[in-house]
Each structure stands twice: as structure tokens, then as C-alpha cells.
1. Please figure out what share of the DSSP beta bridges in the chain is antiparallel and state it in percent, rounded to the nearest 5.
2. Can you give the net charge of the other residues whose Cβ lies under 12 Å from the Cβ of TYR124, counting K and R as +1 and D and E as -1?
3. At what distance in nm do the modelled label points of ALA172 and GLN17 sit from each other, each positioned 7 Å from its Cα along Cα→Cβ?
4. How far is the Cα center of region 14-52 from the Cα center of region 68-91, in Å?
5. Using C-alpha positions alone, give me the convex hull volume of region 153-215 per residue in cubic angstrom.
6. State the volume of the convex hull built on the alpha-carbon positions of region 113-270, expressed per residue in Å³ and rounded to an integer.
7. Compute the long axis of helix 147-161 from its Cα atoms, compare it with the longest principal axis of the Cα atoms of the chain, and write down the angle in degrees, 0 to 90, nearest 10.
8. Would you calculate, for the chain, the mean residue ellipticity at 222 nm contributed by helices, counting each DSSP H stretch of 4 or more residues as -39,500 (n - 2.57) and dividing by all residues, to the nearest 500?
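Every read-out reported here was derived from the displayed coordinates using simple, explicitly stated rules and does not represent laboratory data. For clarity, every value in this text was computed on a predicted model and none was experimentally measured. So basically every Cβ, Gly included, is an ideal-geometry build from the backbone, and we count neighbours across all protein chains shown.
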Amino acid sequence: SAGIPSLGTGNSLFVGQVQLNTLKTGSSSYLLKDASRGNTETRDAGGREVLQFSQGKPFTSTNNTWGNSALSSRQTAAVDAQFGVASTLDFYKKVLGRNGIKNDGVGARAMVHFGTNVGNAFWYSDCGCMLYGDGDGQTFTKPLVVLDVTGHELTHGVVDATANLQPTRVDANDNQFGEAGSLNESLADIFGSAVEFQTNNPKNPPNYLMGEKLGLAQTFLRRLDKPSLDKLEGTVDYWSPASYDTEVHAGSGVSSHAYYLLAEGSGQKTIGGVNYDSPTYDGSTVTGIGRDKATQIFYRALSRYMVSTTDFHDARTATLKAATDLYGANSVEYKTVDKAWAAVNVTV
Ligand code: ASN
Ligand code: ZN
């Protein structure tokens, strides 16, 4: 829809005051839509489980100021969502050279206030939308509009558009199982964390924890350095024969842990005030090659070498190919990829 690109001010729940690209649609009317990012737009699902973007209500403003940093304004969560989607698209473009979820320059859409008592967020590919619940009032007491969750969910869109990793089994409750599905969840956490590091918002300091701003009793939802510290979903540290049929969030720990070891190495480390102590299955010491290189390797593996059935063993091969392309087969980067997988019990 038409409008003049404008710069608005958002008062978010989680990231303080942020600038938002908006559209001026009348003498005193603005729309929460970002033409500079492929018409990225956030709408209000109105507490209903609407699954079409056309069923969402656009957010408008008379003064181009959005939200009030509290839940008394329905716009507040929309500010976080719009900021998070913009930050994720910027990460993919600047760091990985990917222009949008489908690499077609089209923006992403989000709907906040999805359903009632929904303690989850989803990428819904039929809609091309992020759907954010406001929390279930039990485990999740806040809207799930945080940056790493946004990066996670939009990465599911990127995975759909690339390797399209699929679960090997879905049960009657829609729980998904298997290594390719676990790899999908893991990549969503890996790039979700990388979005946080790239964005580096002072109110949302980056780390290898997922969902740490949601006020969970466990303090984080999942984490990459030592995934088994998660007791909510029972995320695992290492490959085992059970990996072939783990629930995908639990199974995600295998490759998330490999990525962390590749980036940061094993053992104790404090990064940005968070203490990590990453173990290895084989007792080896891994020296990390840095987050930037690890991220490039995993993205190249995802976008060039993984397919819908890629399991952890294949993921090891895919990341080794990517490391060969980027750094050479005799490089320390290649050797560290090999060590990192061995350290989570994924060997030749
Ligand atoms: N938050 C969950 C996830 O992205 C919801 C889902 O899509 N099953 O894994
Ligand atoms: Zn996921």
C-alpha cells in the first residue's frame, strides 16, 4: 500500500526505545510497515488464532510513536516484533548475503497477540508469517517477542526455503521427531543467537542462551554451550542412537553444541558476563575459530549441502564441505569442524 517512508519511535517491551521505519499514509496517519525491508509489516491477531495475514489488523498511529513499553498498549509487543524481524533480516543480508527469507527481497510478516494463553511463537510458512503468542501465564509469562525467538522462527523460514529439513515422524500431538528435524531446530537456535550478537542491542546483550529474556524459572529456554542444562525440553549434549527418534527440540543439542565448540571452544569461558563451560564427549579440548567463521560455515552447509533428510552425520559432512570451500581442506577451520563434531560424538 502507498505511503511516504518515515522514521518512527517505538517504545518496546524488551529492547528499550528503538527507531522504526514506517509509512506516512495521511496528514496524521502512519502505518507500521517498513518499505526499506521489503514491506516488512506487523499486525494484531487480536487474541485469535488467525492464520492469514489479511485477518490481522494493521497497526496505525497518529503521531508515529508506537507502544508505551508496557502491555497496556497493544502496540508495545508489535514494536518488539517489528524490531526483531528487521534485525533478523539485516543479519541475513549483512552477514550472510541473503536478501529476505526466500532470498527474493520480500520482507517478512508478523502477527502479535496470537491466540489466548499461547506460550509459543511459530513460523507459519503458508502465511509467510511469524505468529507470536502472549504467553501461557504459566511457564511463559510474557509475549514471546524477543530477539532470539524471532531469529529462531524466521530461520525456520530460511530452512524451509533451502534444505527444507523435515522431521522423520510426527505424533498425534504434532510433536516432531528425528535428526533432520532436530538439525532444523538447532539451526534456528544457532542463527537466532547469531542475530542477537549481530544486533548487539544494549537492552538485549548477546549470548548463547535462547529465550533468556522471557522470565522463565530456568532462566533460559535452551542453550548452545551445554544443552543438557535445559531441563524443560531435555535437550541433549551428544549424539547417541536415541538421536534418530528424539523430539526435535531435545535432539537439537547435538549440532548446537558442535556449533558452540567450533565458535568458542571447550571448557570455561565468560562472554559478555555469561559463564560457559562446554564439555566434550571424548574428553578432547577444542579451540574455537570464532563465531563469525562458525556462522559462515553452518550457513554455507545449510544453503548448499543439506537436504530434507540430512542427519547429524550428513551435517558433519556438509559443514566439512563448507569449510573446504571457505578455508581449504588443510585449514585449521576444517580441522576444527571435524574436532567439534567428534566432541559431540558424531564421527566418521
Ligand atoms: N517455537 C516452536 C519452534 O519453533 C514452535 C514450533 O514451530 N513448533 O520450534
Ligand atoms: Zn523451532
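1. Values: 32 of 41 bridges.
The antiparallel fraction comes to roughly 80 percent.
2. Working: positive: ARG109; negative: GLU49, ASP126, GLU153, ASP160.
Summing Lys and Arg as +1 and Asp and Glu as -1 gives -3.
3. 5.5
4. First find each Cα centre; the distance between them is then 9 Å.
5. Details: hull volume 6.0 nm³, N = 63.
It is 95 Å³ per residue.
6. On the way: hull volume 19.7 nm³, N = 158.
Hull volume normalised by residue count: 125 Å³.
7. The helix 147-161 is inclined about 70 degrees to the chain.
8. Details: 8 runs with 111 residues, N = 348.
Mean residue ellipticity at 222 nm (helix-derived): -10500 deg cm²/dmol.
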